[in-house]
Amino acid sequence: MTYIPGYLKLSKSGELEKQAEKAITILRSCRSCPRNCEVDRTNGEYGICQSLELPIVSSYTPHFGEEPSLSGSRGAGNIFFGNCNLRCIFCQNYEISQNWKVERKNEVSYERLAGIMLELQEKNCHNIGLVSPTHFSAQILKSISIAASKGLKLPVIYNTNGYDSIEMLKLYDGVIDIYLPDFKYGDNTYAKKYSRVDNYFESTKAAIKEMFNQVGDELVYDGSIVVRGLIIRHLVLPNGLAESEKVFKFIAEELSPNVHISLMAQYYPTNKAYKDILIDRPIRASEYEKAIDLMEKYGLTKGWTQELESTSNYLPGFNEDRANPFGN
């Protein structure tokens, strides 16, 4: 099978360029995420994400720490975007997500971002992974349009925290091959406390529904590598703070029990987690096993689990080596 990404068809018809230009207009009264800051990022105004018009690329590299069907033998071509629209006190990428003054120095042009995508393709990566793309979703769409016109042909992964704008996601319809959203919380109180965000549960449910409507519940493979579909990540938190059952109930009853889940055991108390005793420890085996039992309760049997010993295996060192933060 030779998979042809949907954005190539849209590029050929001219529709991709039109969708990208529509997306850029959203930045003038920014609605790139459900925070709806409505600042003019094209005119030097900052919203919650502390980002202006140009995208910030903190790192890009072939990455082997994703789900095996995404990273394969040659790695996912991950582009790590700086800053974020959330403020997770336990963020493992806090060196680039919550270090705004430093990361602003890593702004790149649309053309350069397109060039990075093509570089990763030249390195023989299986796909292009957009990591934390939400607050730069308009800019990324424009760069995909440029890259497609210059020979990009890899599947594109939208690897997001889940707090995404429906308006923006609709402009990505037919562009994104693989949606890889986090579903962090089944409870708005914990989302507010630990990620400093309102209405996370409702907003993320709506966003993931839109992703599901675009790509469905079936994973399409080219050999052993996924090239199209939806994979929902859920990070188990200590003391049940992720409210996992509510997340699984939504997926099973409002999406499909056939949706693939990546159940992550890699929680590690970093960044500012030390400030809250409830979240200042790795998860216990019993907590992870409970999450697995809940998945089975709702008939969610497709996907991946992690070894409990993986807690420190996925910690990046962006301050040590931007070119290879995971020590691949």
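Readers should treat all values here as calculations from the given coordinates under stated rules, not as data from a laboratory. Since this is a predicted model, take the numbers as computed values, not measurements. Neighbour counts are summed over all protein chains in view; Cβ atoms, including those assigned to glycine, are modelled from backbone coordinates with ideal geometry.
Among the DSSP beta bridges whose two residues both lie in the chain, what percent are antiparallel, rounded to the nearest 5?
Close to 30 percent.
Just order 102-108, 138-144 by mean Cβ neighbour count inside 10 Å, highest at the front, would you?
Packing order, densest peptide first, comes out as 138-144, 102-108.
Looking at the square roots a ≥ b ≥ c of the eigenvalues of the Cα gyration tensor of the chain, which shape do they give, rounded for a/c under 1.5, prolate if a/b is larger than b/c, or oblate?
rounded
Taking the number of other C-beta atoms within 10 Å as the exposure measure, put His63, His135 in order starting with the fewest.
Details: His63 24, His135 31.
Fewest-to-most Cβ neighbours within 10 Å comes out as His63, His135.
Relative contact order for the chain using alpha-carbon pairs under 8 Å, separation at least 6, rounded to a whole percent?
Relative contact order for the chain comes out at 17 percent.
For a quick check: with amide H placed at 1.01 Å from N, whose amide H comes under 5 Å from Glu45's, ignoring anything fewer than 5 positions away on the same chain?
HN-HN under 5 Å from Glu45: Asp40.
Could you work out [θ]222 nm for the chain from helices alone, using -39500 (n - 2.57) per DSSP H run of at least four and dividing by all its residues? Round to the nearest 500 deg cm²/dmol.
Values: 12 runs with 108 residues, N = 328.
Helix-only estimate at 222 nm: -9500 deg cm²/dmol.
Need the full-extension length gain, Glu289 to Glu15, defined as separation in residues times 0.36 nm minus the C-alpha distance. One decimal, nm.
Difference between extended and current length: 94.0 nm.
To make sure I understand, if each residue's beta carbon is the centre and we count other beta carbons within 10 Å, what order do Thr160, Thr301 fall in, fewest to most?
Placing the least packed residue first, the sequence is Thr301, Thr160.
Taking 29 Å as the cut-off for C-alpha to C-alpha distance, list the pairs among Lys170/Lys302; Lys150/Lys205; Lys170/Lys290; Lys150/Lys209; Lys153/Lys246 that go past it. Present the calculation step by step, with values, prior to reporting the outcome.
Values: Lys170/Lys302 27 Å; Lys150/Lys205 35 Å; Lys170/Lys290 35 Å; Lys150/Lys209 32 Å; Lys153/Lys246 38 Å.
Beyond 29 Å: Lys150/Lys205; Lys170/Lys290; Lys150/Lys209; Lys153/Lys246.
By the scheme Lys and Arg +1, Asp and Glu -1, what is the net charge of all other residues having a beta-carbon under 13 Å from that of Gln214? Mind showing how you got there, number by number?
Values: positive: Lys170, Lys209, Arg228; negative: Asp164, Asp173, Asp177, Glu210, Asp217, Glu218.
Net of charged neighbours comes to -3.
Starting from the Cα gyration tensor of region 125-214, take the square roots of the eigenvalues, sort them a ≥ b ≥ c, and report rounded, prolate or oblate (rounded when a/c is under 1.5, otherwise prolate if a/b is larger than b/c, else oblate).
prolate
Rounded, prolate or oblate for region 8-154? Axes are the square roots of the Cα gyration tensor eigenvalues, ordered a ≥ b ≥ c, and the cut-off for rounded is a/c under 1.5.
The shape class here is oblate.
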